[in-house]
Amino acid sequence: MTTNPQKLYALGQSLWYDNIERHLLENGELKAMIDRGDIYGVTSNPSIFNNAIGKSQDYDGQLADLARAGHTTAEIYDALTVADIQAACDLFRSLYDSTRGGDGYVSIEVHPHLAHDTEATALEAQRLWALVDRPNLMVKIPATKEGIPAIQSAIAHGININITLIFSCQRYGEVIEAYLAGLEERVANNLPIGHIASVASFFVSRIDTKVDGWLDELIAQGGAGSALAAKAEALKGKIAVANAKLAYQLFKQQFSTERFAALAQKGGRVQRPLWASTSTKNPAYPDLLYVDTLVGKDTVNTVPTQTLEGVKDHAAAQLTIEDGMDAARFQLANLEMLGLSLDQATDEVEQEGVAAFSKAIADLFTTIEQRAAEFR
């Protein structure tokens, strides 16, 4: 029997698991998920590692050995996270090989406090790439203004890059440009590009969380039954999907040009859009709102545990990414007519995303320091 994740894969969308924990690597569950065709890759971020390491004892044995050997907090963090990433890469290696680098990737993120430092981000990407030393690794770089040139540099160095924290179509266009320019730089230097893979992680649900808050203010301002309240209510839970649908149109446009065709002839791959932050934050919305509406060819959807279980149980598994394009443009236009700025929303959630990851890694470093002190 074909499962929903397998049906999505047949439609051209890969489900990647937005989670990594030591016990899943050691008890065989992650391997079982791969073997069943539930997932085709793994993504991690500072928040995920903070939960995995800070809220379990799974890492205490390795942490104790490192602490007693005199390693610093940063060195311990590297050792713990890199061990998980390498183990996951090894589990996915056969999928990576059988799909010729189409899937089977595991992502690790550069330190979020470097998000506004181009040179440091580029160097950190190179360091992590060398440290993990797996062909199916992806290094995550945030799509801040300062991150864009670091992305081009990393691609030019032959590193697989997962560009994270993309919220606006304008910034997404800059991400695509950085990827193409990085490939062109390699071609100009007579270097191969066929092995380089990249995904552009377009964050979804956080847009609705931000914009819905503004819409609720307008609804309260207009009062029940008012025309203003009705217009605002009609847009709740719609803007994030509309934004993502327009992003997919930009992807199709930019990867059907003569410019990309020239790179494709040399082995260049499309940079797939990846839908991130796809768990539904508002309990009033369907649990698969950001899955069922965004199924498209050459895409990835990275899902946490609860959303993955929902997909397996009741996903629609139909191509939907290009449905309702007129409605999507109409919704975005109406948002502006209400005096609300999508650009402001995307700017704010980008800043909040960087801050949240920075806090997560700071909290994790504090936990590591405390446990290391106890073990010493």
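The values are calculated or read from the model by the stated rules, or taken from the named source; none is laboratory data. Remember, predicted model here, so these are calculated numbers, not experimental data. Glycine also receives a Cβ, built like all others from the backbone with ideal geometry; neighbour counts cover every protein chain displayed.
Kindly provide the set of residues from the range 302-317 that are part of a helix (DSSP H, G or I) and farther than 16 Å from Gly12 by Cβ, ordered by number.
Thr305, Gln306, Thr307, Leu308, Glu309, Gly310, Lys312, Asp313, His314
Exactly one of (1) closer than 28 Å to Gln344 by Cβ; (2) over 17 Å from the mean Cα position of the chain (by Cα); (3) not β-branched (Val, Ile, Thr) is unmet by Ala115. Its number?
(2)
Please work out if Phe255 is more than 15 Å from Ala333 (Cα to Cα), surrounded by 18 or more Cβ atoms within 10 Å (Cβ to Cβ) and in contact with a Ser or Thr (Cβ under 9 Å, 6 or more places away or on another chain).
no
Residues to consider are Ile159, Ile176, Ile193; find the one that is in contact with a Leu (Cβ under 6 Å, 6 or more places away or on another chain) and either more than 20 Å from Leu332 (Cβ to Cβ) or surrounded by 21 or more Cβ atoms within 10 Å (Cβ to Cβ) (or both).
Result: Ile193 is the single residue among Ile159, Ile176, Ile193 that is in contact with a Leu (Cβ under 6 Å, 6 or more places away or on another chain) and either more than 20 Å from Leu332 (Cβ to Cβ) or surrounded by 21 or more Cβ atoms within 10 Å (Cβ to Cβ) (or both).
Pull out all pairs, ordered by first then second residue, where Cβ-Cβ is under 9 Å, the residues are six or more apart or on different chains, the first lies in the range 242-269 and is at positive phi, and the second is crowded, with 21+ Cβ neighbours inside 10 Å and assigned to a loop (DSSP other than H, G, I, E, B).
Close Cβ pairs satisfying both conditions: Gly267/Ile196.
I need the full set of residues from the range 266-323 which are among the polar types (S, T, N, Q) and closer than 16 Å to Ile239 by Cβ, in order please.
Of everything in the range 266-323, those that are among the polar types (S, T, N, Q) and closer than 16 Å to Ile239 by Cβ turn out to be Ser277, Thr278, Thr280, Asn282, Thr293.
Filter the range 324-360 down to residues that are in contact (Cβ under 8 Å) with a residue 60 or more places away in the chain and not in a helix (DSSP H, G or I) and give me whichever is farthest from Gln253 (Cα to Cα).
Among residues in the range 324-360 that are in contact (Cβ under 8 Å) with a residue 60 or more places away in the chain and not in a helix (DSSP H, G or I), the one farthest from Gln253 (Cα to Cα) is Leu338.
Of all the residues that make up the range 133-156, how many are closer than 23 Å to Gly101 by Cα and either surrounded by fewer than 19 Cβ atoms within 10 Å (Cβ to Cβ) or basic (Lys, Arg) (or both)?
Selection size over the range 133-156: 4.
Confirm whether Ser94 is over 28 Å from Gly147 (Cα atoms) and either among the small types (Gly, Ala, Ser) or touching a Cys at 6+ places or on another chain (Cβ under 6 Å) (or both).
Working: over 28 Å from Gly147 (Cα atoms): yes; either among the small types (Gly, Ala, Ser) or touching a Cys at 6+ places or on another chain (Cβ under 6 Å) (or both): yes.
When the stated conditions are applied, Ser94 passes them.
Within the range 232-297, which helices (runs of 4 or more DSSP H) (wholly inside it) include 2 or more residues that are modelled with pLDDT of 95 or more, in contact with a strand residue (DSSP E or B) (Cβ under 8 Å, 6 or more places away or on another chain) and not acidic (Asp, Glu)?
Correct list: 239-254, 289-292.
Let me confirm something: among Lys140, Lys145, which residue is under 26 Å from Thr278 (Cα atoms), basic (Lys, Arg) and free of Cβ contacts under 8 Å to residues at least 60 places away in the same chain?
Lys145
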